[in-house]
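Asks: I am attaching a structure below and will ask some questions about it afterwards.
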Amino acid sequence: MSFLLKIFMVTLFFSSCGSDVKPSPRRDMEIKDRQSDMGEDVFVDLDDQKDLGVSADGRTQDMMDMGAQDETLLLEVNADLNNGVSKDIEFTVPEEAKAVFVQVIGRGAQAFTLSSWKNGDKSELVTENWVDTTTGSLCKECPNRVFVSEAVSISMAPNNDKVELKPGVHHIRVWGINAEENPLNTQVLIRVKMRNTTPPENASLLLNLHFSGAYNLTAQSAQSDRTFQSALNIMKDVYKQGKINVKVNYFDIDPSFQIIPDIGTPNSDLLKLFAINKPEADPNGINIFFVKELQSSTPVRGKSGGIPGPLFHGSLMSGVAIALKHKVTDGFVIAHELGHYLGLFHSSERPQTMIHDQLSDTLENDDTNLMFYEVAGSKLSSSQYKVIRLNPWVQ
Ligand SMILES: [Zn+2]
């Protein structure tokens, strides 16, 4: 399996997010165009990494944890990948664990996933060596899905209502390749966290909103901009229906982040955007970055740093990016990307792929669901809210 294909597929999954392609007679042509782009991706030379100002280990200096009290660090260890795979890594999950998050932190232009995750009762959460036998970046057959992600890979279990997290000794293996499509020989940081409790019935979710100045939206002007506030209220309503009260803070970021070029290529400036870690931003809030444009071969309205995203700020995937260019008022795009960051896959990918999420109460190809690949809908199912509420960002 080549990096090119896997990274492309990741791009497909993410950039379908927020998406881009509206239903139109041209859709077939657009899909064809997209497929032909696959072979045209150009890799950034690895030497360019240093131009991004990213430290040698791919982490920014001030990467830190949120201060939530009901999450516990189960394991923090550097692991060596030899010929693309780590040794077996163990950690113990206590009885009270509600969810476990395996965070693999590497560099840009490298791609990672878990090639195995054994539950506390030895059953498989992630099917052993799936990555060697599956086409594409997503483990469709895994009881608990994972996928290949650039730089930072986060795997959450359970991420659907058909698997159960079992206490006991868990085993994982990390898999990785570089931009030259070769198995990695490198070191990654692994941080495993668990959530100990579920949030109260009336929960809260904090967001740090960051403004690049695109369309004159700044930390100050956004607070009174009627169009922006209306979009924000649409997003808040989606979460309010799941009894999650969204609160926001406002910050400015450098205007050089208004245009993010070539987000589909390895080590793009998108990673630099996600790594922004303003000391005044609340560590308990998810970072959302409002830019003018996320440039790609097809229009992209939003992108999440993972499914779910990292539980901390300052990594190359620590945030959600929203492109204001396509539709400034679309609060559903913000809600959708946030859904990814909290752990939701698309309820259905584009029909040709026949890929649907693993949740028992989401209908196939239901365009009223918020997580439909095109962001056509506004609703979340009760199991989708359940997954979201397992995430420590929801308190
Ligand atoms: Zn999406």
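The values are calculated or read from the model by the stated rules, or taken from the named source; none is laboratory data. Computed from a predicted model, the values in this text were never measured in an experiment. Please note: Cβ atoms are built from the backbone with ideal geometry, for glycine as well, and neighbour counts cover all protein chains shown.
Asks: Specify the residue that is modelled with the lowest pLDDT; the eligible residues are those in region 367-392 that are in contact with a strand residue (DSSP E or B) (Cβ under 7 Å, 6 or more places away or on another chain) and more than 16 Å from M235 (Cα to Cα).
Replies: By that ranking, first place goes to Y373.
Asks: A further question on this structure: Here are some conditions: (1) buried (at least 24 other Cβ atoms within 10 Å of the Cβ); (2) over 15 Å from the mean Cα position of the chain (by Cα); (3) assigned to a loop (DSSP other than H, G, I, E, B); (4) on the phi < 0 side of the Ramachandran plot. V375 meets all but one. Which one does it not meet?
Replies: It fails just one condition, (4).
Asks: With the condition being buried (at least 17 other Cβ atoms within 10 Å of the Cβ) and of a type outside the set (A, V, I, L, M), I'd like the strands (runs of 3 or more DSSP E) fully within region 220-309 carrying at least 3 qualifying residues. It would help to see each step written out before you state the result.
Replies: Details: elements: 244-252, 285-291, 302-304.
Result: 285-291, 302-304.
Asks: Is there any pair linking a residue in region 303-314 that is touching a residue at least 24 places away in the same chain (Cβ under 8 Å) and basic (K, R) to one that is assigned to a loop (DSSP other than H, G, I, E, B) and surrounded by 24 or more Cβ atoms within 10 Å (Cβ to Cβ), with Cβ under 8 Å and at least six apart or on different chains, and which?
Replies: From residues that are touching a residue at least 24 places away in the same chain (Cβ under 8 Å) and basic (K, R), the pairs are K303/C17; K303/G18.
Asks: Out of all the residues in region 127-141, is one or more closer than 23 Å to L74 by Cα and among the hydrophobic types (A, V, I, L, M, F, W, C)? Before you say what the answer is, go through the steps one by one.
Replies: Taking region 127-141 first, the residues closer than 23 Å to L74 by Cα are 127-128.
When the remaining residues are screened for being among the hydrophobic types (A, V, I, L, M, F, W, C), the result is none.
No, region 127-141 contains no residue that is closer than 23 Å to L74 by Cα and among the hydrophobic types (A, V, I, L, M, F, W, C).
Asks: Does V152 satisfy being buried (at least 22 other Cβ atoms within 10 Å of the Cβ) and closer than 30 Å to T135 by Cβ? Explain how you work it out, then say what you get.
Replies: On the way: buried (at least 22 other Cβ atoms within 10 Å of the Cβ): yes; closer than 30 Å to T135 by Cβ: yes.
For V152, the condition - buried (at least 22 other Cβ atoms within 10 Å of the Cβ) and closer than 30 Å to T135 by Cβ - is met.
Yes/no per residue for (1) farther than 22 Å from Q358 by Cβ; (2) modelled with pLDDT under 95:
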{"residue": "T134", "(1), (2)": "no, yes"}
{"residue": "V146", "(1), (2)": "no, no"}
{"residue": "I154", "(1), (2)": "no, no"}
{"residue": "D161", "(1), (2)": "no, no"}
{"residue": "K166", "(1), (2)": "no, no"}
{"residue": "G176", "(1), (2)": "yes, no"}
{"residue": "N182", "(1), (2)": "yes, yes"}
{"residue": "S204", "(1), (2)": "yes, no"}
{"residue": "L207", "(1), (2)": "yes, no"}
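Asks: With V328, V291 as the choices, which residue is at pLDDT below 95, in contact with a Ser or Thr (Cβ under 7 Å, 6 or more places away or on another chain) and either more than 25 Å from L138 (Cβ to Cβ) or within 12 Å of the ligand (Cβ to nearest atom) (or both)?
Replies: Values: V291 fails: at pLDDT below 95.
After applying the criteria, what remains is V328.
Asks: Yes or no: D357 acidic (D, E), within 14 Å of the ligand (Cβ to nearest atom) and surrounded by fewer than 21 Cβ atoms within 10 Å (Cβ to Cβ)?
Replies: no
Asks: Just to check your reading of the model, which residue among S318, S347 is modelled with pLDDT of 95 or more, surrounded by 24 or more Cβ atoms within 10 Å (Cβ to Cβ) and more than 16 Å from the ligand (Cβ to nearest atom)? Before the answer, list the steps.
Replies: Values: S347 fails: more than 16 Å from the ligand (Cβ to nearest atom).
The unique qualifying residue is S318.
Asks: Restricting region 195-212 to residues that are touching a strand residue (DSSP E or B) at 6+ places or on another chain (Cβ under 7 Å) and assigned to a loop (DSSP other than H, G, I, E, B), which is surrounded by the fewest Cβ atoms within 10 Å (Cβ to Cβ)? Spell out how you get there, then give the answer.
Replies: Of all residues in region 195-212, those touching a strand residue (DSSP E or B) at 6+ places or on another chain (Cβ under 7 Å) come to 195-196, 199, 202-212.
After this cut, where a residue has to be assigned to a loop (DSSP other than H, G, I, E, B) as well, the list is 196, 199, 202, 212.
On the way: N196: 15, P199: 22, N202: 9, S212: 23.
Step by step, filter region 195-212, then rank; the result is N202.
Asks: Read through the list (1) surrounded by 24 or more Cβ atoms within 10 Å (Cβ to Cβ); (2) within 13 Å of the ligand (Cβ to nearest atom), then give the number of the only condition that H313 fails.
Replies: If we test H313 against (1) surrounded by 24 or more Cβ atoms within 10 Å (Cβ to Cβ); (2) within 13 Å of the ligand (Cβ to nearest atom), just (2) comes out false.
Asks: A further question on this structure: Of the residues T368, T353, T362, which single one is touching a Ser or Thr at 6+ places or on another chain (Cβ under 6 Å), among the hydroxyl-bearing types (S, T, Y) and without any contact (Cβ under 8 Å) to a residue 40 or more places away in the chain?
Replies: Values: T368 fails: touching a Ser or Thr at 6+ places or on another chain (Cβ under 6 Å); T353 fails: touching a Ser or Thr at 6+ places or on another chain (Cβ under 6 Å).
Only one candidate passes the filter, namely T362.
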